[in-house]
Amino acid sequence: MGFTREELESFRDHTVPDLVADGTKLLFVGINPGLWTAATQTHFCHPSNRFYPALRRAGLIDFDIETDRGMTAEQRFDFTSRGMGISNLVQRATIRASELTSDELRAGAERLKLLVDTLRPRVVAVAGVTAYRTAFGAKSAVMGRQELDSPAEWWVLPNPSGLNAHVQIDDLAEWFRTVAVRAGIL
């Protein structure tokens, strides 16, 4: 199965709820949902996205996602019961993150800080250095741990999108392992 261009376009500006629960220790943060993600209501679900394969390679999950259907209720429970969660800087779905405005990214950073204050994860891992720089006004931010005034450790990781093909799954898995250790999951 898949989606036609017209079907995907019908999900423009839709939202995908945060995948979080009490006890979230590691919060992964995407830039914003893509149309495929909005259609499946599953973060990072596009077939070319390497998020779940890298999580599996890192030893953080032991299941595969059916990208044409998204996560099952059981998989969502499994994911959150391992102490992991997923959110986005901006909630609205677009074809590409480049459609977002700087104001949207900055507002998203403020919303995210409130979510972190509520959830109290040990680690927040933002996938995408360019979006992080804009959202948090950190023009010189690089991959790795960030200096942010927060009880949580903030990290910037490579974006797992297939459009970021120069970053390999093994590299993503190593980043994921690192933040999982810092969060006390591994």
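Coordinate-derived values only; no laboratory data. All values reported here derive from a predicted model rather than from experimental measurement. Note that we place each Cβ from the backbone using ideal geometry, even for glycine, and neighbour counts take in every protein chain shown.
Residues considered: Glu147, Glu153. Of these, the only one that is of a type in the set (D, E, K, R), farther than 19 Å from Val16 by Cβ and surrounded by 14 or more Cβ atoms within 10 Å (Cβ to Cβ) is Glu153. Within the set of pairs 6 or more residues apart or between chains, which connect a residue that is on the phi > 0 side of the Ramachandran plot inside the stretch 72-95 to a residue that is crowded, with 17+ Cβ neighbours inside 10 Å and assigned to a strand (DSSP E or B) with Cβ atoms less than 7 Å apart? That search, which allows pairs on different chains as well, returns Gly83/Leu26.
Does Phe79 qualify as being surrounded by 15 or more Cβ atoms within 10 Å (Cβ to Cβ), under 29 Å from Glu153 (Cβ atoms), touching a Ser or Thr at 6+ places or on another chain (Cβ under 9 Å) and among the aromatic types (Phe, Trp, Tyr)? Criteria not met by Phe79.
Screening Phe3, Phe11, Phe51, Phe63 for residues that are out of contact with any helix residue (DSSP H, G or I) (no Cβ under 6 Å at 6 or more places or on another chain), aromatic (Phe, Trp, Tyr) and on the phi < 0 side of the Ramachandran plot leaves exactly one candidate, Phe51. When the residues of the stretch 85-135 are filtered to those that are hydroxyl-bearing (Ser, Thr, Tyr) and surrounded by fewer than 18 Cβ atoms within 10 Å (Cβ to Cβ), the one that is farthest from Pro158 (Cα to Cα) is Thr118.
Scanning the stretch 15-65 for residues that are assigned to a helix (DSSP H, G or I) and surrounded by fewer than 19 Cβ atoms within 10 Å (Cβ to Cβ) returns Pro53, Arg56, Arg57.
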